[in-house]
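Just so you know, all these numbers are worked out from the coordinates, no wet-lab data involved. Treat the numbers as computed from the prediction; the structure is a model and nothing was measured. So basically every Cβ, Gly included, is an ideal-geometry build from the backbone, and we count neighbours across all protein chains shown.
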Amino acid sequence: MFKLFLDPGHGGKDPGAVGNGMEEKDITLAIAKQIHDILTNHYRNVSVKMSRTTDKFVSLKERTDAANSWGATFFLSIHINSGNGTGFESYIYPEAGITTETYQKTIHQEVLKLNDLKDRGRKKADFHVLRESIMPALLTENGFIDTASDAKKMKQSSWIEDVAQGHVNGLAKAFGLKKKKR
Ligand SMILES: [Zn+2]
């Protein structure tokens, strides 16, 4: 059983990045819900637990504690960037090791195929959710909410679906997930 802990960034009193009339917490939740639905509807032997399924505040420690006590196979955190850049980037913990680097490479490439965003590269950072999760972990930054060209995409449900499908394709490839027989 592949156990995915899926973490939509921010929530509740913490909106995350804001720009162009949108809040990061809403977009991360929309993408994560789609990832959940595609995985559970179309793939076998997959279990998905989400850090939140509504607009509520969950601390970073609560998120990693939940993933660790559940015994997740993989921790995937979904975020939206800000700071007037443009494009997609992904992060792993600096000391994560080769296995996590391989997962990052596979998922990063698959997301880029569908998200219509510039590649800002695969990166490393000492973020709480990457450091404190005991399983391999990846955080994706899916465009810049305060950049008009990226924000325009975020307003389209087709883009949300494409970004979710890209993550699913990456997970399926990285972990050898098999589709349900129909
Ligand atoms: Zn964020």
Cα extents of the stretch 135-182 per principal axis, largest first, Å, are 40, 31, 12
Ellipticity estimate at 222 nm from DSSP helix runs (n ≥ 4, -39,500 (n - 2.57)) divided over the chain, nearest 500 | -14000 deg cm²/dmol
Of Lys3/Lys179; Lys56/Lys118; Lys49/Lys123; Lys25/Lys113, which sit over 21 Å apart, Cα to Cα?
-> Lys56/Lys118; Lys49/Lys123; Lys25/Lys113
How many angstrom separate the Cα center of the stretch 9-65 from the Cα center of the stretch 93-161?
-> 14
In Å and from the alpha-carbon atoms only, list the Rg and Dmax of the stretch 1-44.
-> 12.8, 40
Summing +1 per Lys or Arg and -1 per Asp or Glu among the other residues with Cβ less than 12 Å from Arg120's Cβ gives -1
What FRET efficiency do you get for Asp116 and Asp65 if R0 is 45 Å and r is their Cβ-Cβ distance, rounded to the nearest 0.05?
-> 0.80
At Glu95 and Asn45, where each label point lies 7 Å from the Cα along Cα→Cβ, what is the point-to-point distance in nanometres?
-> 3.2
Once both labels are modelled 7 Å past Cα along the beta-carbon direction, what's the Lys124-Lys179 spacing in nm?
-> 3.7
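With Cβ to Cβ distances under 15 Å as the rule, what net charge do the other residues near Glu23 carry (K, R +1; D, E -1)?
-1
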Quantify how much of the Cα-Cα distance distribution of the chain extends past 29 Å, in percent.
-> 12
